[in-house]
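One structure below.
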Amino acid sequence: SYFINFTAAWCITCKVNEAVAFSDEVFNKFNEENITYLKADWTNRNSEIAGEIEKYNRSGIPLYLYWDKTLDEPMVLNEILTENYLMEVIDQTLINSLFEELLKNCFRLFQKKHWLGDKLPYQPQCS
């Protein structure tokens, strides 16, 4: 998982978000969940960073991207951040990941039962 903060020294909204949302608790959560935090500094309007910003249909910053293995593509987050919002994004992605894993396991059990017939010592309950 990774979180990319597209920011610049001259971006007032970026500075406010960093002061308000990027708390110790958020960074602790990043560490606990093995989320790599990356900062893309656009202070000098680097063309490589500008190209990345354009990929997400944005013309400027702030831009915040979050990606987890359960997502097909990075999630573009709100331009105005709060600590609670960041925690909710991470928690919801974790819940989705656990749910996806549960569904896969239920499907495997279903396939196994279907293949083995009634030879399983128990009947898997997936509801």
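Some notes on this structure:
- The stretch 10-90: C-alpha gyration tensor shape, a/c 1.5 cut-off, then a/b vs b/c: oblate
- Charge tally around residue 81: other residues with Cβ under 12 Å, Lys/Arg +1 each, Asp/Glu -1 each, net -3.
- If both residues of a DSSP beta bridge must be in the stretch 1-97, then about 55% of such bridges are antiparallel.
- In the stretch 1-75, taking the dipole from charged Cβ atoms about the Cα centre, the farthest positive-side position among 3, 56, 37 is held by 56.
- Other residues within the sphere of radius under 15 Å centred on the Cβ of residue 63, judged by their own Cβ, net out at -2 (K and R +1, D and E -1).
Readers should treat all values here as calculations from the given coordinates under stated rules, not as data from a laboratory. The shown structure was predicted, so the numbers you read here are calculated from the model rather than taken from an experiment. Heads up, the Cβs are rebuilt from the backbone with ideal geometry, glycines too, and the neighbour counts pull from every protein chain shown.
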